[in-house]
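These notes concern the structure reproduced below.
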Amino acid sequence: MTEAGQHVLANHDPVLDDFASEVGVEDPVAIAGSRSRWPSGWQLDADVRVVSAPSGIVIHQPEEMLVTVRAGTSVDELTAALAEAGQRCPLPPGGTVGGAIAVGHNCIQRLGRGSVRDSVMQVRYVSADGRLVAGGGPVVKNVSGFNLPKLLTGSLGTLGFVCEVILRTNPIPVRSVVASVADADPFVVFDLLYRPSMVLWDGVTTWVELEGHPDDVDSQLGLLKGLGQVTADVDLPELEPNRHSIAPGDVKSLLGAGARFVASIGVGTVWTETARPHTPLDTQVIELSRRVKDEFDPTGRLNPGLKPWT
Amino acid sequence: MKPRSLRNLWRNRAGVARSGNDDPVDPMVAQLADALAPERVRVDSVARALYAHDASVFGGGASGPVCFPTSLEEVQAIMRIAMSHGRSIVPRGAGTGLAGGAIPLGEPIVVSMAKMDRIIDIDPAGRVVWVEPGVVNLDLSRHLRPLGFHYAPDPSSQQVCTIGGNVANNSGGPHCLAYGVTDVHVVAVEVVLVDGTVVMLGGSCDEVDGYDLRGAFVGSEGMLGIATKVAVRLTQNPPAVKTLLLSFGTVADAANSVSAIIAAGMVPAALEVMDQKITVAVENFVNAGYPRDAAAVLLVELEGMPGSVEADAARVADIGRDHGATGVRVAADDAEREALWKGRKTAFGAIAQIAPDYYLHDTVVPRGRLADVLAEIYAIADRHDVVVMNVFHAGDGNLHPLLLFDGREPGAIDRVHAAGAEIVRASLAAGGVLSGEHGIGIEKQMHMGAMFGPDDLDHQERLRRAFDPYCRVNPGKVIPAGHSCADIQSLRSVPTGVWG
Ligand SMILES: Cc1cc2nc3c(=O)[nH]c(=O)nc-3n(C[C@H](O)[C@H](O)[C@H](O)COP(=O)(O)OP(=O)(O)OC[C@H]3O[C@@H](n4cnc5c(N)ncnc54)[C@H](O)[C@@H]3O)c2cc1C
């Protein structure tokens, strides 16, 4: 309950206040989690202070399908805590919650678990001038005001330092199976199945994750058998080092390139052996992104040197 | 101000633009007519009166010329012409918004996107369809069904509302509980900014580099630019569907069943509650087969593979009975299922039969607080002597109290607004939010300060300023005056002599 006249998102958490003071208002400052997702090639000048977000799970409310967690918490700790109550969230494993949100990359089961950005219901961050700012709201459905949680997710800490988020959680399905199918057209596999949690393809083998009621998982496995040799309970393929996102309808073009790859069918995330040339964003998008950065961090003190639009 | 005939305008536009009444004809209107076509720029009083409203209860709108562009280039031209005349613009879809988002303030150019209604390209491998923003929500799903897909967000207004309006309001619907609201389904938006620049936000890739400007645009209530093209996801049609109707002796039992269903680890496609007053109204209207004697009914839809649908149906029925359900009915066939949904989706039409006016509210509370807040809403309505009916997306705690009134009765609308404000306060106090799907518009602008602090509002305004530094795109909405750039000036700076 809030006091009359007090705004709802302003509940004071001294831990977050301390973090805001630490971020300060003037000098260049960078935020680091566990550095497991550190942007490649980003080097900090010697005068840049490095801070870390506070950690800890504030509250998990399984019946509301929500968890409030501080950004410095490790994703694996969060995953374990959610699992105790039979739930999960779409953050990819490893690193910190804040790092996963700053980078915004989805997990390989993106089809079944949803995207990182769609799971962020509320975000609290420290602004370039040291203020604690909140966007979104503490419920699963909310269109009050502009969508700052979306803007902050994937912004690489260049618009504000995320210190606490409320994430939507989901029940863990009763059964979950990873199976492989040899020599099938991955798109035929994808079309045959009803909402698979994952379909990966390396040009020869297709891996699927099927989740849900055991009878349904079995019947889906049965359908797959019509396409080729099916092996259940297999390991996932080793992912190649270079991760990119391409149009999901274009993944077959990787076949011609001659290098090893793993592609996520229906999503378009691909892991390739050789790095692909960087495609710059449209100039209008770059211009707009610069204006966003200038509004949120006029002096460029947050994570100096990082420019997500380049 | 006298209505001007476009024909006169058109006749004169090459020479001195003057109407038959010797009024000086607005050069801006002449430029608009030139850039579009005279019949697609309306300045007559009928059009301007029609487009001064949306489906909300708010009056006070004042429209400038109403434009009906048919292409990206025409939308760009409108933006440039508006800029050169210092005029604001307001984008508009079907005008079904309930928060006043499309209401023109300060006689802006109204840009109706209704004529840009082509389904451009369906990409089944990428599971994406590109559409123009004027495509009607239900038309899109109807078009996709035979291909094995549909568009998941299904607002109750889906027979008329447009994808552009859905994107701007980040609209929801009964089936968004399992599938997510609009922003989960939008992969790209082509936007014309205030100066006529075109930006493609997002793209066909799942993870586009840079800021998530697409995500920031969805739900921006027409204040960041005009969407001219949208790519949305295709959702597979479910192999099995089961619809259950549970009846309860109290509204609280229905609400508590909803919490218990979610707590049991199920996420049904839809969990909708209707109280007795609205159920009876619906029955009188369409005869959907709802029990008239139940204090509340809970409509549950389970979608997916047959195994989970069957198992969950049994669990839902058990949970309902444990929470006092007096009746559990499973729709036997498609006809019965469709009748039940027809009842739910025509609820608002049913109201029109029994009260001249209604105000449909929209707040969200934590599911666990549904029963308390509902009790409070009934008490608030009583105190203000207003009839309230509740029909809502219970699964995500999204309340929709319907306040009935007769606008001709002196003081009625004031009582309704007072009750509405209390409902908002009660929802916030329970840990909820101002709006789950209708948006802020002008309706809840004055409540924004109760949910957000000054710093939060300042950052929302910064986002808006990055897109529209001039505050000319749908000014006067969402962000309360005082936190908002130059809204007041822009609303008052309509050049003199333009509209009299
Ligand atoms: C009976 C009834 C039931 C409803 N049920 C639901 C429901 O279940 N769920 C729900 O979420 N809503 C519901 N609504 C509200 C409304 O239908 C939605 O908000 C809808 O998305 C509005 O679409 P529209 O095309 O009518 O937009 P409009 O009302 O014309 O405009 C809405 C907003 O979108 C902006 N806009 C429109 N097109 C564009 C564009 N191309 N580019 C940029 N901005 C644009 C406008 O400026 C305005 O701010 C209901 C309304 C009614 C009347």
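Bear in mind these aren't lab numbers, they're just calculated from the coordinates by the rules spelled out. Quick caveat: nothing in here was measured; it's all calculated off a predicted structure. Glycine also receives a Cβ, built like all others from the backbone with ideal geometry; neighbour counts cover every protein chain displayed.
Counting other C-beta atoms within 10 Å, which of B:D455, B:D468, A:D45 has the fewest, and how do the rest follow?
A:D45, B:D455, B:D468
Determine the shielding of peptide B:426-437 by partner chains: average, over its residues, the number of Cβ atoms on other chains within 10 angstrom of each Cβ.
Neighbouring Cβ atoms belonging to other protein chains average 6 per residue here.
Pick from A:A259, A:A81, A:A30 the residue whose mean-square fluctuation is largest in a GNM of chain A, springs joining Cα atoms under 10 Å.
For chain A, modelled as a Gaussian network with Cα springs under 10 Å, the answer is A:A259.
What's the angle, to the nearest 10 degrees (0 to 90), between helix A:283-296's Cα axis and the longest principal axis of chain A?
40
With the crude spin-label approximation of a point 7 Å out along Cα→Cβ, what separation in nm comes out for B:R292 versus B:I119?
The modelled label-to-label distance comes out at 4.1 nm.
Once you keep just the Cα pairs under 8 angstrom separated by 6 or more residues, what percentage relative contact order results for chain B?
Relative contact order here is 14 percent.
Pick from A:R276, A:R124, A:R195 the residue whose mean-square fluctuation is largest in a GNM of chain A, springs joining Cα atoms under 10 Å.
A:R276
How high is the relative contact order of segment A:143-260? Use alpha-carbon pairs under 8 Å, at least six apart in sequence, and give a whole percent.
Taking the mean separation of contacting Cα pairs over the length of segment A:143-260, I get 26 percent.
Pop out the ³J(HN,Hα) list for segment B:262-275 in order, Karplus 6.51 cos²θ - 1.76 cosθ + 1.60 with θ = phi - 60°, rounded to Hz; leave Gly and Pro as x.
Rounded to whole hertz, the list is 5, 5, 7, x, 9, 10, x, 5, 8, 9, 10, 10, 10, 7.
Test of understanding: extend the Cα→C-beta vector of A:R175 to 7 Å, then name every residue of segment B:295-328 with backbone N under 20 Å from that spot.
B:303-316
For peptide B:457-470, how many partner chain Cβ atoms fall within 10 Å of a residue's Cβ, on average?
For this peptide, the per-residue mean of nearby foreign Cβ atoms is 6.
Projected area of segment B:52-118, taken from the Cα convex hull and averaged over every viewing direction, in nm²?
4.3
Hey, fewest Cβ within 10 Å first, where do A:V116, B:V198 land in order?
B:V198, A:V116
What average count of beta carbons from other chains do you get within 10 Å of the Cβ of residues in A:232-241?
0
Show me A:239-245, B:187-193 ranked by packing, highest mean number of other Cβ atoms within 10 Å first.
B:187-193, A:239-245
Taking N as the number of residues in segment B:199-247, what value does Rg over Cα atoms divided by 2.2 N^0.38 Å take?
Output field value: 1.75.
Whose amide H sits under 5 Å from the amide H of B:V387, counting only residues 5 or more places off or on another chain, with H placed in the peptide plane?
Excluding prolines and chain starts, which carry no amide H, the hits are B:L404.
Could you grab the relative contact order for segment B:355-456? Cα pairs under 8 Å, six or more apart, rounded to a whole percent.
Rounded, it is 35 percent for segment B:355-456.
Looking at the protein assembly as shown, send over the antiparallel percent of its DSSP beta bridges, to the nearest 5.
In the protein assembly as shown, DSSP labels about 90 percent of beta bridges as antiparallel.
What's the magnitude of the charge dipole for the protein assembly as shown around its Cα centre, counting Lys and Arg as +1 and Asp and Glu as -1 at the beta-carbon? Answer in Debye, nearest 20.
1940
Rounding to the nearest 10 and keeping the result within 0 to 90°, find how far the Cα-based axis of helix A:214-225 lies from the longest principal axis of chain A.
60
Using Cβ contacts closer than 10 Å as the measure, can you line up A:K293, B:K444, A:K307 from fewest to most?
Ordered from fewest to most neighbouring Cβ atoms within 10 Å, A:K293, B:K444, A:K307 come out as A:K307, A:K293, B:K444.
Using unit Cβ charges (K, R positive; D, E negative) and no other charged atoms, how large, in debye to the nearest 20, is the dipole of chain A about its Cα centre?
500
Taking the Cα atoms only, what angle lies between the long axis of helix B:306-322 and the longest principal axis of chain B, rounded to 10 degrees?
Long axis of B:306-322 versus the principal axis of chain B: about 70 degrees.
What FRET efficiency would be calculated for the residue pair A:R291, B:A264, taking the C-beta separation as r and a Förster radius of 56 Å, to the nearest 0.05?
0.75
For the protein assembly as shown, just the Cα atoms, rotate onto the principal axes and tell me the three extents in Å, largest first.
Cα extents, longest axis first: 83, 70, 54 Å.
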